[in-house]
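Written below as structure tokens is the structure these notes are about.
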Amino acid sequence: MPASSDTPSSRRERPAKPALTRAGLVAAAVAVMETEGLHKVTMRRIAQELDTGPASLYVYVRNAAELHAAVLDELLGRVEPPSEDGTWRERLEKVLTSYAHLLLDRPALARSALVARPSGPHYLDLIEILLALLAEGGVPDGQAAWGVDVLLQHATATAAEHAGRTPGARDREDWHTLETALR
């Protein structure tokens, strides 16, 4: 007897779901963050997006904090690399400005970045770029390492502080102050 349209299909009749991967998990998390906000990037919500159970995601990330750090790392791939034009300071300023804009455009991510511990390839690339620019400027290695930390913390804290505020004249003044400090 043919199955009626009310009868649920067997799982075996459905096509197989694509295998889960960390990259797929992070891509789904970025998509959810961009459309619904970082507060919606939960294990349960991402599992729903990937048509799986939340427990299956813990193979790829330990918790939501690690997932948020992975989202941040993925987005750091969008930071504009330095051009060949300009002095090392101008190029450093452009990279840090691109980083700050990335966070300013995503207020919740800016606040999360204060405590996130990204360690992925895009974060490491950003660190290498900043270290190379500081080395080009003659900054000794030890000071450059501390300098990268301070520069990123300053840009992150500034973005987090301004996250969610309606831009106004005061914000333009603050942004000018940040750009001046970066110089």
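The values are calculated or read from the model by the stated rules, or taken from the named source; none is laboratory data. Please read these numbers as outputs of a predicted model, since none were measured by experiment. We place every Cβ from the backbone using ideal geometry, glycine too, and count neighbours over all the protein chains shown. Surface areas here come from the heavy atoms of the whole protein model, side chains and all, with no ligands, DNA or RNA. Shrake-Rupley method; radii C 1.70, N 1.55, O 1.52, S 1.80 Å.
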All-but-one check, Arg111 against (1) open to solvent by less than 70 Å² (accessible area, probe 1.4 Å); (2) within 29 Å of Leu130 (Cα to Cα); (3) in a helix (DSSP H, G or I), failing number (1)
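Residues checked against (1) part of a helix (DSSP H, G or I); (2) open to solvent by less than 50 Å² (accessible area, probe 1.4 Å); (3) at pLDDT 65 or above; (4) more than 17 Å from Glu90 (Cβ to Cβ):
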| position | (1), (2), (3), (4) |
| --- | --- |
| Leu126 | yes, yes, yes, yes |
| Leu130 | yes, yes, yes, no |
| Leu133 | yes, yes, yes, no |
| Gly147 | yes, yes, yes, no |
| His154 | yes, no, yes, yes |
| Ala157 | yes, yes, yes, yes |
| Arg172 | yes, no, no, yes |
| Leu178 | yes, yes, no, no |
| Ala181 | yes, no, no, no |
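Residues checked against (1) under 24 Å from His162 (Cα atoms); (2) touching a helix residue (DSSP H, G or I) at 6+ places or on another chain (Cβ under 6 Å); (3) part of a helix (DSSP H, G or I); (4) open to solvent by 40 Å² or more (accessible area, probe 1.4 Å):
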position	(1), (2), (3), (4)
Leu57	no, yes, yes, no
Val61	no, yes, no, no
Glu74	yes, yes, yes, yes
Val79	yes, yes, no, no
Glu93	yes, yes, yes, no
Leu96	yes, yes, yes, no
Q) Out of curiosity, is Leu72 among the aliphatic types (A, V, I, L, M) and within 15 Å of the chain's Cα centre (by Cα)? A) yes
